[in-house]
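A short write-up of the structure that comes next.
The values are calculated or read from the model by the stated rules, or taken from the named source; none is laboratory data. Here the structure is a predicted model, which is why all the values come from computation and not from measurement. Using ideal geometry, Cβ is built from the backbone for each residue, glycine included, and neighbour counts are taken over all protein chains shown. Heads up: the accessible areas ignore ligands, DNA and RNA and are worked out on the full protein's heavy atoms, side chains in. Shrake-Rupley method; radii C 1.70, N 1.55, O 1.52, S 1.80 Å.
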Amino acid sequence: MLAEARAIIESCPDPGVLSQRADEVARKLTPAHARAKPNSELTERELEVLQLLAQGLTKHEAAAMLFLSYSTIHSHTKAIYRKLDGSSRDEVLERARELNLIASG
């Protein structure tokens, strides 16, 4: 529906503030973790989580080490997988090594 609304607004000769408002609504309706594009730069916290995953820690262990909830670590992990275009921990770690985000090992 959002794409349809945007198309209607863009077809108007002078959409005015409607165009800006549509962008604001889209941002509010799209979860932050879904807004990141594949291959975009990892955040500092995502790099910390990636390092812990590379050391073989579970998400529960990483959460405890960083004093974060499991859900937060899970969200960071999903963002890492998306940004590094991987569907498994092994794929993500391999890609991270290729990009020199973590040490080869």
Output the residues belonging to segment 63-84 that are in a helix (DSSP H, G or I) and closer than 20 Å to residue 99 by Cβ.
76, 77, 78, 79, 80, 81, 82, 83
Consider residue 22 against the criteria (1) surrounded by 15 or more Cβ atoms within 10 Å (Cβ to Cβ); (2) of a type in the set (A, V, I, L, M); (3) at pLDDT 80 or above: it satisfies all of them except one. Which criterion is unmet?
(3)
For residue 9, only one of the following conditions fails: (1) part of a helix (DSSP H, G or I); (2) modelled with pLDDT under 75; (3) open to solvent by less than 60 Å² (accessible area, probe 1.4 Å). What is its number?
(2)
If you go through segment 47-63 one residue at a time, do you hit one that is in contact (Cβ under 8 Å) with a residue 24 or more places away in the chain and out of contact with any helix residue (DSSP H, G or I) (no Cβ under 8 Å at 6 or more places or on another chain)?
yes
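To keep it simple, each residue is scored yes or no on (1) open to solvent by 70 Å² or more (accessible area, probe 1.4 Å); (2) small (Gly, Ala, Ser); (3) on the phi < 0 side of the Ramachandran plot.
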position: 52; (1), (2), (3): no, no, yes
position: 56; (1), (2), (3): no, yes, no
position: 63; (1), (2), (3): no, yes, yes
position: 71; (1), (2), (3): yes, yes, yes
position: 80; (1), (2), (3): no, no, yes
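Against the condition over 11 Å from the mean Cα position of the chain (by Cα) and either outside any loop (DSSP other than H, G, I, E, B) or exposed (fewer than 13 other Cβ atoms within 10 Å of the Cβ) (or both), how does residue 97 come out, does it pass?
Working: over 11 Å from the mean Cα position of the chain (by Cα): yes; either outside any loop (DSSP other than H, G, I, E, B) or exposed (fewer than 13 other Cβ atoms within 10 Å of the Cβ) (or both): yes.
It is true that residue 97 is over 11 Å from the mean Cα position of the chain (by Cα) and either outside any loop (DSSP other than H, G, I, E, B) or exposed (fewer than 13 other Cβ atoms within 10 Å of the Cβ) (or both).
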Quick one: in segment 26-46, which of the residues that are part of a helix (DSSP H, G or I) and modelled with pLDDT of 70 or more is least open to solvent (accessible area, probe 1.4 Å)?
46
